[in-house]
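For reference, the structure is listed below as structure tokens.
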Amino acid sequence: MSETTNADLYAPIPHARTADEVVARIERLILDGVLRDGDRLPGERDLARRLDVSRPILREALKVLETRGLLVSQHGGGTFVADIIGQVFSQPLIDLISRHGQARQDYLEYRRALEGMTAALAAERATADDRAHLATLIAQMRAAHAVDDYERELEADIAFHNAIGESAHNMVLLHTMRACYRLLSEGILLNRRMVFAAPGAHDALLSQHEAILDGILAGDPGRARQAAEAHIDFIIEAARAADRAGDRARVSQLRRLHRGDDATDSNGKA
């Protein structure tokens, strides 16, 4: 969990210094995706000073936010932004779809539509800061790619897609994308390493991410959408190919077991 200390986030409340104003400020920071789950708020004395409100007013506001499930307090450990993203997909739903193979294809179909729209909006709305952040993440992907550091490249991959969600400047899309990528980062619906292992996939995936960035930097919504959809189309086909290969391996193993063969070749050698 990270501590959020940027003073600009907690600039003084300019108008009526009430608990409602403080609640509105914190809620907006969470809704805009500025404050993320696990972020630690400044201590009570410091936060009251920054917001220019009394400590009783701040305590009242924090209590409201806790009641709404947006903040959690740890005794002696501070106040943190609650994990609200995971609630977009309930745990029973996650467990249900993870048990059924068709769910992965449905998840990718859903992502295709979502990512195409998000990339198009990012091309229209990304600020200079957004574009610089996206370019930095692609640079990190290239650096990891050059030394075959798959884990670091995959981390930058997810960060890049999340950053596109931020660049679209649509609150609902932002939180939906974060929930979507949490499932991906935890390997619940798709094993990303499986996609990386497909022939030629490693280089192709980097090129696809670069194409999405190019569309966004060019301010071309159609180009960005097309690049994002092509990226998901590639992943869909790679997942299908992996499933086919897995089925073939499973059937071959069952046939071998049925024949009573051991792990030897035709010459009797192991």
Practice problem: Please work out which residue is surrounded by the fewest Cβ atoms within 10 Å (Cβ to Cβ), limiting yourself to region 137-189 and to residues that are of a type in the set (Val, Ile, Thr) and part of a helix (DSSP H, G or I). | Solution: VAL172
Quiz item: What number of residues within region 24-64 are basic (Lys, Arg) and either in contact (Cβ under 8 Å) with a residue 12 or more places away in the chain or in a loop (DSSP other than H, G, I, E, B) (or both)?
Solution: 5
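Take region 4-23 and flag every residue that is part of a loop (DSSP other than H, G, I, E, B), within 20 Å of LYS63 (Cβ to Cβ) and at pLDDT 75 or above.
Kept after step one, since they are part of a loop (DSSP other than H, G, I, E, B), are these residues of region 4-23: 4-6, 11-18.
Narrowing the set further to residues that are within 20 Å of LYS63 (Cβ to Cβ) leaves 4, 13, 16-18.
The answer is ILE13, ARG17, THR18.
Listed here are the residues, each with its yes/no results for (1) in contact with a Leu (Cβ under 8 Å, 6 or more places away or on another chain); (2) in a helix (DSSP H, G or I); (3) modelled with pLDDT under 90.
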| site | (1), (2), (3) |
| --- | --- |
| LEU93 | no, yes, yes |
| LEU96 | no, yes, yes |
| TYR107 | yes, yes, yes |
| LEU134 | yes, yes, no |
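Name the residue, out of THR118, THR67, that is among the β-branched types (Val, Ile, Thr) and without any contact (Cβ under 8 Å) to a residue 12 or more places away in the chain. Walk me through it before giving the result.
On the way: THR118 fails: without any contact (Cβ under 8 Å) to a residue 12 or more places away in the chain.
Result: THR67 is the single residue among THR118, THR67 that is among the β-branched types (Val, Ile, Thr) and without any contact (Cβ under 8 Å) to a residue 12 or more places away in the chain.
Matching residues to (1) on the phi < 0 side of the Ramachandran plot; (2) of a type in the set (Val, Ile, Thr); (3) assigned by TED's automatic domain parsing to the domain that holds MET177:
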site	(1), (2), (3)
ASP37	yes, no, no
LEU51	yes, no, no
ARG59	yes, no, no
LEU65	yes, no, no
VAL72	yes, yes, no
GLY76	no, no, no
THR79	yes, yes, no
MET117	yes, no, yes
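The values are calculated or read from the model by the stated rules, or taken from the named source; none is laboratory data. Worth saying up front: this structure is predicted, and the values here are computed from it rather than measured. Here Cβ is always computed from backbone atoms with ideal geometry, including for glycine, and neighbour counts include all displayed protein chains.
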